[in-house]
Structure formats: C-alpha cells, structure tokens
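The values are calculated or read from the model by the stated rules, or taken from the named source; none is laboratory data. Here the structure is a predicted model, which means the values were calculated and not measured. Because the Cβ atoms are built from the backbone with ideal geometry, glycine has one as well, and the counts that use them run over all protein chains shown.
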Amino acid sequence: MQQVVASGVPLNLPGEGQVGSRLALDGDADRSVFVDEQGDVVTGDQALAAFAFDFQQRGRLHKQTVVGTVMSNFGFEAALRKAGLTLIRTPVGDRYILERMLADGYNLGGEQSGHIIFLDYHTTGDGLISGLQMLKLVKRAARPLSDVVRCMEAVPQVLLGVEVSHKPDLSSLPELQQAIRSCEESLNGTGRVLVRYSGTEPLVRVMVEGQNDAQIRHVADKLVGVVKATIG
C-alpha cells in the first residue's frame with residue numbers, strides 16, 4: 001500500500017510495496033509537500049526536478065524547458081542544465097509562472113514552496129494533482145521516493161533581510177550593482193546572488209547560493225553592508 005497524509009488525514013491508496021512516503025497539503029490545497037520514506041522533507045525544487053526528468057524521458061516536456069522562480073535553488077538549475085534542459089525564472093508567485101507558461105507554450109513549472117503547475121491537466125497549482133503525479137512516478141520507477149528525488153542536489157543558501165528606509169529602484173544604485181557583479185564573479189559560476197525587495201515588508205532580501213558555506217556567508221554579509229550603507 002502507498003500511504004499518503006493529506007492535511008493530516010491518512011489515506012491508503014493502492015500500490016506496490018510499502019513505501020511509507022507522505023503528502024501534506026496547505027490550507028487551500030494548491031501546494032504539496034512530500035516526505036520520503038526516511039522522514040526527509042522533499043523540497044518543491046526536488047519534486048519539480050523529478051517531474052521534469054520523468055517528462056523528458058517520456059517525451060512530454062514541452063521545449064525541454066521548466067519554469068521556476070528567482071528563488072529556485074541553483075542546484076536545481078545546474079541539474080537541469082546537465083540533462084540538457086533549460087530553467088526559465090520568473091518573479092516569485094505562481095501567477096507569474098503561469099503567465100510565462102501560457103505565453104511561451106511550456107507545460108511544467110513550479111516554486112520551491114511546492115506549488116507545481118501541470119498545464120496538461122490544470123491551469124493552476126493543485127496539491128492533489130501533484131500528489132497523484134508523484135504516486136504515478138514512484139510506481140512507474142519502482143523505486144522509493146528518496147531515490148526518485150535524488151536527481152538534484154540543492155546547494156547551500158544564505159538568506160538575509162535588511163530593513164530599509166525607502167525603496168528606490170535597485171538598478172539605479174550603482175554602488176550596489178557593482179557589488180552584486182563583483183560577488184557574482186567571486187562565485188565563478190558555482191552559485192548565484194539575488195537582491196530584491198520584499199513584497200510585503202520594508203526589507204531588502206539578500207540571497208546567496210553556492211558550494212561553500214563560508215564563502216556564501218561572506219558574500220551575503222558584504223552585500224548586506226552595501227545595502228545598509230545606501231538605503232538602510
């Protein structure tokens with residue numbers, strides 16, 4: 001039996017073997033979070049990567065492209081690139097993902113949060129559809145969920161918030177833009193930098209991803225200092 005927990009309610013679904021993986025949905029059931037048979041949480045990026053490679057193998061991935069957001073982990077992008085796939089990033093929010101999918105003819109996209117859109121089946125994220133698609137994938141692969149989502153490795157991430165007094169266009173701040181370019185160069189293609197405003201708070205969010213924890217912490221602290229000096 002495959003056991004799934006949706007919003008805390010156990011459901012027994014027919015299947016082969018006792019996988020013991022679980023599914024949880026958020027309040028309006030548009031997002032799904034999986035927990036594998038070892039008790040580890042599967043990120044939205046990992047789930048989306050598994051779906052992308054499955055679609056690719058079965059010839060179902062339109063234009064060999066997946067739509068994510070600026071928050072999609074660098075390890076996700078690297079895994080797709082290695083497999084010959086492209087990641088297109090949009091602003092945070094499923095509506096931006098859907099807009100890009102509809103505009104350019106893509107059929108798979110999603111967010112780190114577990115909001116996944118299968119445009120072949122629905123025009124919005126649906127946790128139950130995601131859950132059913134993952135159950136089909138695990139059964140078809142005849143492997144446990146932990147093995148299915150091992151197709152990508154997330155890189156370490158530092159995310160810091162800086163309170164600001166006002167919100168000028170970040171591209172209009174030459175000192176900050178120069179610092180961002182310098183920090184990106186220091187990562188030498190092994191990570192990325194994202195500096196953006198919070199949509200709900202008077203904050204600048206500084207995110208740095210890369211292979212080395214100490215390095216990305218140093219880079220993030222440097223950028224925080226520049227933000228504080230310019231608009232903090």
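Within region 219-232, the residues that satisfy the criterion of being surrounded by 15 or more Cβ atoms within 10 Å (Cβ to Cβ) and not small (Gly, Ala, Ser) are Val219, Lys222, Leu223, Val224, Val226, Val227, Thr230, Ile231.
Return the residues of region 47-70 that are buried (at least 17 other Cβ atoms within 10 Å of the Cβ) and either out of contact with any helix residue (DSSP H, G or I) (no Cβ under 9 Å at 6 or more places or on another chain) or of a type in the set (Gly, Ala, Ser) (or both); say none if nothing qualifies. Can you show your working first?
Going through region 47-70, the residues buried (at least 17 other Cβ atoms within 10 Å of the Cβ) turn out to be 47-56, 61, 65-69.
Answer for region 47-70, where residues must be buried (at least 17 other Cβ atoms within 10 Å of the Cβ) and either out of contact with any helix residue (DSSP H, G or I) (no Cβ under 9 Å at 6 or more places or on another chain) or of a type in the set (Gly, Ala, Ser) (or both): Ala47, Ala49, Ala50, Ala52, Gly68.
So how many residues does region 83-98 have that are part of a loop (DSSP other than H, G, I, E, B) and either touching a Cys at 6+ places or on another chain (Cβ under 9 Å) or of a type in the set (A, V, I, L, M) (or both)? Looking only at that region, the number is 3. Among the residues of region 54-82, the ones that are closer than 22 Å to Gln211 by Cβ, assigned to a helix (DSSP H, G or I) and of a type outside the set (D, E, K, R) come to 6 in all. Of everything listed in (1) closer than 19 Å to Leu23 by Cα; (2) at pLDDT 95 or above; (3) of a type in the set (A, V, I, L, M), the single unmet condition for Leu132 is (2). In region 5-19, the qualifying residues are those that are closer than 14 Å to Pro144 by Cβ and in contact with a strand residue (DSSP E or B) (Cβ under 6 Å, 6 or more places away or on another chain), and the one that is modelled with the highest pLDDT is Val19.
Which of the following residues is aliphatic (A, V, I, L, M), more than 23 Å from the chain's Cα centre (by Cα) and not assigned by TED's automatic domain parsing to the domain that holds Arg89: Val206, Val219, Val227, Val195? Let's see the steps before the verdict.
On the way: Val206 fails: more than 23 Å from the chain's Cα centre (by Cα); Val219 fails: more than 23 Å from the chain's Cα centre (by Cα); Val195 fails: more than 23 Å from the chain's Cα centre (by Cα).
None of the other options fit; the residue is Val227.
Close Cβ contacts (under 7 Å, 6 or more residues apart or on different chains) running from residues in region 10-34 that are farther than 19 Å from Gln112 by Cα and in the same structural domain as Glu111 (by TED's automatic domain parsing) to residues that are outside any loop (DSSP other than H, G, I, E, B) and modelled with pLDDT under 50 comprise Pro10/Gln3; Leu11/Val4; Asn12/Gln3; Leu13/Gln2; Leu13/Val4; Gly15/Gln2; Val19/Gln2; Gly20/Gln3. Restricting attention to region 85-117, the residues that are of a type in the set (A, V, I, L, M) and at pLDDT below 95 add up to 1.
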